[in-house]
Amino acid sequence: MKLETALQEVSARTRAAPLVIKMHPHDNVAVVVRDGGLPAGAVVEPDVVLLEHVPQGHKVALEGLAKGDPVRRYNVAIGYALQDIAAGRWVNEHLMQMPPALGLDHLPIATRQAPASDVLEGFTFQGYRNADGSVGTRNILAITTTVQCVSGVVGYAVRRIKEELLPRYPHVDDVVALTHTYGCGVAIDAPSAPIPIRTVRNISLNPNFGNELMVVSLGCEKMQPARLLPPGSIPLANADGPDVVVLQDESHVGFMSMIEDIMATAERHLVRLNARRREACPASALVVGMQCGGSDAFSGITANPALGYAADLLVRAGATVMFSENTEVRDGVDQLTSRASTPEVAEAIIREMAWYDAYLQAGSVDRSANTTPGNKKGGLSNIVEKAMGSIVKSGSSKIVGVLSPGERLRDKGIDGGLVFAATPASDFICGTLQLAAGMNLHIFTTGRGTPYGLAECPVIKVATRSELARRWHDLMDVNAGRIADGELDIEQLGWEIFQLMLDVASGRKTWAEQWKLANALTLFNPAPVT
Ligand code: CA
């Protein structure tokens, strides 16, 4: 390309790049999208001049607001003016009163029409077909543990397996110890104890582990192998029961005999996993978990709307798409119940929200405990504003199913469509619960930046801003900041993300996989410990 042409293109792009973005015609604030923010005197709309410097990601008043007036973004009142606010002023959390929480009675139930859209056919990825009909995007040997006591021993064994055995089984991607802090010292008969127990069980059945079950137990723990994996829960490939190594077994004399037992058991599974090959699978076999973390005001302008578009494409292709994070959707619960496909689905959404409200209340907090100092620095004034930006990643499809924490899609007979998997918003707990649901591909948007990753499933990370994507060029897989830069529109980026999902599901490594960045599994245990 000639230099002149290149310069023309750059200048066209610069001209196209907006100063501020308004999400809805009825909004009275817009968000500054320029790197470094905008100075006093900048003209953001024909008759709106900034009265002060407004940082990137923060809101500017597009019209004068009187004390008590709603501050509207996404055509929703995200707060009420605590004082008169002149047009051109920086609207931050100090100038806004947070709206009260929505009640759970009198919500709209399954009122919204499904968007008219064609079924997408012919999209495939190269996956690993499992005997139970699910499809893995990775071929991983997972070693399930019943209690934290064994994690040091299992960690030692996994290091030896990777060094000594894995090189002989080149078609196996990895060996992962499913370690956690549950299993003993807990009230295992408490009413909410089934949540952590089924979470560990269902993670061990994740499609990326090829239906191969291997368990390491201590022996005296409360979560006994038979309690974790009762006979009915075990897939066909392990009809004779999961392979269990019990460290306290009398046959173990010395540490090395435990390690040899674990390694010999692992090798039997490695042989079977190594015989598997990728084959063409329909996009409908994807089970995508969506999440955001380290959010900023760009999350709801760039990355999450593009992800919402991609989520709609996945649903049209027959895939299953989960969104989660209770406290980040609680303030838009009316949007969720109205999008429910049936009254039963709406009732399930309300039931999950009510349960979580009570859980928070028992700890003497409410939904406002969600926002972080980084969220506020990034321009998100409160949880209502954060929630509206979070919900957009669910797209516009009807919600066809609801999972309680730790439940598995297959056990609920859900195969395809948009699902609300109720989880805390904590990145690690949400990811862990989505793994239990049966996620085989994870997509994660971030504005402030997080190096989040999982060993059990590929995680595609999407930066909301170009500045972050440039600085973290070897951590972020997608730069959604190009929307704010005027280079791409939401639909174009949505298609790009959809294609990237098919590539990553077929084996293309994410940055987190290349660096082997993985967060710990983190169980949600609302029950008491002893
Ligand atoms: Ca999160």
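Please go through the range 238-290 and give me each residue that is open to solvent by 40 Å² or more (accessible area, probe 1.4 Å) and of a type in the set (Lys, Arg), ordered by number.
268, 272, 277, 278
Taking the criterion of being assigned to a helix (DSSP H, G or I), modelled with pLDDT of 95 or more and closer than 19 Å to residue 159 by Cβ, would at least one residue in the range 237-249 satisfy it?
No, the range 237-249 contains no residue that is assigned to a helix (DSSP H, G or I), modelled with pLDDT of 95 or more and closer than 19 Å to residue 159 by Cβ.
So, residue 176, is that one assigned by TED's automatic domain parsing to the domain that holds residue 264, among the β-branched types (Val, Ile, Thr) and outside any helix (DSSP H, G or I) or not?
Criteria met by residue 176.
Need a quick list: strands (runs of 3 or more DSSP E) entirely within the range 28-100 having at least 3 residues that are over 14 Å from residue 379 (Cβ atoms).
The qualifying strands (runs of 3 or more DSSP E) are 43-45, 76-81.
Quick check on this structure: which one of 396, 404 is modelled with pLDDT under 95 and more than 16 Å from the ligand (Cβ to nearest atom)?
396
Report those strands (runs of 3 or more DSSP E) wholly inside the range 413-476 carrying at least 2 residues which are touching a residue at least 40 places away in the same chain (Cβ under 8 Å) and away from the ligand (no atom under 14 Å from the Cβ).
Once the strands (runs of 3 or more DSSP E) in the range 413-476 are filtered for at least 2 residues that are touching a residue at least 40 places away in the same chain (Cβ under 8 Å) and away from the ligand (no atom under 14 Å from the Cβ), what remains is 417-421, 459-463.
Could you tell me which residue of the range 302-321 is nearest to the ligand (Cβ to nearest atom), considering only residues that are in contact with a strand residue (DSSP E or B) (Cβ under 6 Å, 6 or more places away or on another chain) and over 29 Å from residue 18 (Cα atoms)?
Among those that are in contact with a strand residue (DSSP E or B) (Cβ under 6 Å, 6 or more places away or on another chain) and over 29 Å from residue 18 (Cα atoms), it is 321.
Output yes when any residue across the range 322-335 is touching a Phe, Trp or Tyr at 6+ places or on another chain (Cβ under 9 Å), within 14 Å of the ligand (Cβ to nearest atom), of a type in the set (D, E, K, R) and within 27 Å of residue 451 (Cα to Cα), and no when none is.
yes
Each row is one residue, and each column tells you yes or no for (1) of a type in the set (A, V, I, L, M, F, W, C); (2) open to solvent by less than 50 Å² (accessible area, probe 1.4 Å); (3) at pLDDT 95 or above; (4) in contact with a Leu (Cβ under 7 Å, 6 or more places away or on another chain).
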residue: 437; (1), (2), (3), (4): yes, yes, yes, yes
residue: 470; (1), (2), (3), (4): no, no, yes, no
residue: 473; (1), (2), (3), (4): no, no, yes, no
residue: 494; (1), (2), (3), (4): no, yes, yes, yes
residue: 503; (1), (2), (3), (4): no, no, yes, no
residue: 513; (1), (2), (3), (4): no, yes, yes, no
residue: 525; (1), (2), (3), (4): no, yes, yes, no
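In the range 326-349, what count of residues is obtained for those that are crowded, with 24+ Cβ neighbours inside 10 Å, within 17 Å of residue 390 (Cβ to Cβ) and in contact with a strand residue (DSSP E or B) (Cβ under 7 Å, 6 or more places away or on another chain)?
Going through the range 326-349 one residue at a time, the tally reaches 2.
All but one of (1) under 15 Å from the mean Cα position of the chain (by Cα); (2) of a type in the set (Ser, Thr, Tyr); (3) surrounded by fewer than 23 Cβ atoms within 10 Å (Cβ to Cβ) hold for residue 299; which doesn't?
Residue 299 satisfies all of (1) under 15 Å from the mean Cα position of the chain (by Cα); (2) of a type in the set (Ser, Thr, Tyr); (3) surrounded by fewer than 23 Cβ atoms within 10 Å (Cβ to Cβ) except (3).
Is there a residue in the range 103-125 that is of a type outside the set (Phe, Trp, Tyr), assigned to a strand (DSSP E or B) and farther than 30 Å from residue 48 by Cβ?
Checked against the condition, which is being of a type outside the set (Phe, Trp, Tyr), assigned to a strand (DSSP E or B) and farther than 30 Å from residue 48 by Cβ, the range 103-125 yields at least one hit.
The values are calculated or read from the model by the stated rules, or taken from the named source; none is laboratory data. From a predicted model like this one, the values you see are computed outputs, not experimental measurements. Ideal geometry is used to build each Cβ from the backbone, glycine not excepted, and the neighbour counts take in all protein chains shown. What goes into the accessible areas is simple: the full protein's heavy atoms, side chains included, and nothing from ligands, DNA or RNA. Shrake-Rupley method; radii C 1.70, N 1.55, O 1.52, S 1.80 Å.
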